[in-house]
Structure formats: structure tokens, C-alpha cells
1. Search the stretch 94-113 for residues that are over 25 Å from Ser175 (Cα atoms) and pair each with any residue that is not in a helix (DSSP H, G or I) when their beta-carbon atoms are under 6 Å apart and the residues are at least 6 apart or on different chains.
2. List pairs: first residue in the stretch 41-52 and part of a helix (DSSP H, G or I), second residue among the β-branched types (Val, Ile, Thr) anywhere in the structure, Cβ distance under 6 angstrom, at least six positions apart or on different chains.
3. Can you work out which of the residues in the stretch 11-54 that are acidic (Asp, Glu) and at pLDDT 95 or above is nearest to Gln116 (Cα to Cα)?
4. Of the residues Leu185, Leu141, which is closer than 22 Å to Ala47 by Cβ and in contact with a Leu (Cβ under 6 Å, 6 or more places away or on another chain)?
5. How many of the residues making up the stretch 153-189 are surrounded by 11 or more Cβ atoms within 10 Å (Cβ to Cβ) and charged (D, E, K, R)?
6. Considering every residue within the stretch 161-168, establish whether at least one is over 15 Å from Ile108 (Cα atoms), assigned to a helix (DSSP H, G or I) and either of a type in the set (Ser, Thr, Tyr) or touching a Ser or Thr at 6+ places or on another chain (Cβ under 6 Å) (or both).
7. Output the number of residues of the stretch 104-117 satisfying the condition of being in a helix (DSSP H, G or I) and either buried (at least 22 other Cβ atoms within 10 Å of the Cβ) or in contact with a His (Cβ under 7 Å, 6 or more places away or on another chain) (or both).
Amino acid sequence: MKNTNDEQADSFLDPQAPSLSAKQVKQRNAQLVKAANTFATAIAADALSARGELVTSIYERMQVEADLTWHEHAQLSVGICDIRTRDGLLRMLHDSPELRMQFQSHLIREVARAEQECIAPLATVYAGIAWLEGQTQVTRLAVDHALKLDPSYSLAQLLDIALRHDVPPSVWSSSLAAVSFDACLKGAA
């Protein structure tokens, strides 16, 4: 009998996941362009505030069980693809273990809907959360998936090295705890 985490990992990595219709791809892509442009404008005005606001928006939305709209999907994708925003989100999740499973559930669904260039970052954040939860096998599957799509994605490479050397998840947790949220947003992580 599979546990819930194994089932989530299987659906996360399921090559038979339903593909998007042309209309859905068009909607997704339009929202991605809009979200990327909005974020770029906000970054140019005040990078720290822009990243903080996007993390807060993603963090609050991901606590709701309902499926994400294309606009919300685009915000998540843009945020996760920005390293500093991604690290800020991971830092917040470090302090909120009760929300990690909910975030994993969303990430699994959104990986299946994501544009190719966003899949490795989304899968890697999923892996990071799984590792915080001590789900080493699930972490391995997600890291392998991310590296298959983007062998140069640095966080996936770091997680891969840690897993290959049997580094305990507590090291990941300690390193996240050692860096403040603001430091993550500023790029000090």
C-alpha cells in the first residue's frame, strides 16, 4: 500500500499527466507574460519590497486548498523562478511546517501545468519541502526530475549532492534557519 507522499510523488512525476489544451496554454502564457512584466516593473522600483510582496502573496494563496487560477499559477511560477523570491518562500516554509503538505499538493498540480522552463524550479522547491519533511525518497524523485529538465539548476544540483552524500535533512533546516527572510530576499542566502 502506498502512502500519500508516494502517491503525490507518482502523480508529480507521472508522464501520463493530462496535457493542456491550446486554449489553456494560451491563457497560461498570457498570464505568465503579464506576471513577469508586473514583477519586472516592481523589481525596478524597489526589489526588496517587490520580492517580499510576491512571497507574501504566494504564501497566503497557497494556504487555500482550491486550485490556482492561471493568474495565480503565473505569480507562483514567476516567484519560484526568481532565486531570491524562491529562497524567501522556502525560508517562510521552514518556519511553517504545518503548511508544507498543502504547498506540496499545490506544487504537484502546478508542475503539470507549468511552462517547460518553470518545471525545474517548481520541482526543486517541491524537493526542498519534501526534504524538510524528511521525505528522502520523494526528494530524490523530485530532484532527479528537475535535473532531467535542467541539469544546470543550481539548487537541484545542491540537493542532489546532499542526497548522494547522505546529508541529513536537519542540515538543510539549519541552513535555512541561519538566514533571515530579508537576507534571502537580498540574495545573502
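The values are calculated or read from the model by the stated rules, or taken from the named source; none is laboratory data. All of these numbers come straight from a predicted model, not from anything done at the bench. Here the Cβ is made from the backbone with ideal geometry for all residues, glycine too, and neighbour counts use every protein chain on show.
1. Partner pairs satisfying both residue conditions: Ala112/Ala17.
2. Close Cβ pairs (under 6 Å, with a partner that is among the β-branched types (Val, Ile, Thr)) amount to Ala50/Ile43; Arg51/Thr85.
3. The first filter runs over the stretch 11-54 and keeps only residues acidic (Asp, Glu), leaving 14, 46, 53.
Filter once more, keeping what is at pLDDT 95 or above: 46, 53.
Working: Asp46: 29, Glu53: 25 Å.
Residue satisfying both the conditions and the ranking: Glu53.
4. Values: Leu141 fails: closer than 22 Å to Ala47 by Cβ.
After applying the criteria, what remains is Leu185.
5. Of the residues in that region, 3 qualify.
6. Within the stretch 161-168, the subset over 15 Å from Ile108 (Cα atoms) is 161-168.
Cutting the leftovers down to assigned to a helix (DSSP H, G or I) gives us 161-164.
Narrowing the set further to residues that are either of a type in the set (Ser, Thr, Tyr) or touching a Ser or Thr at 6+ places or on another chain (Cβ under 6 Å) (or both) leaves none.
Among the residues of the stretch 161-168, not one is over 15 Å from Ile108 (Cα atoms), assigned to a helix (DSSP H, G or I) and either of a type in the set (Ser, Thr, Tyr) or touching a Ser or Thr at 6+ places or on another chain (Cβ under 6 Å) (or both), which makes the answer no.
7. If we filter the stretch 104-117 for residues that are in a helix (DSSP H, G or I), which is where we start, we get 104-113, 116-117.
Then keep just the ones that are either buried (at least 22 other Cβ atoms within 10 Å of the Cβ) or in contact with a His (Cβ under 7 Å, 6 or more places away or on another chain) (or both); that gives 104, 106-108, 110-111, 113.
Residues meeting the conditions: 7.
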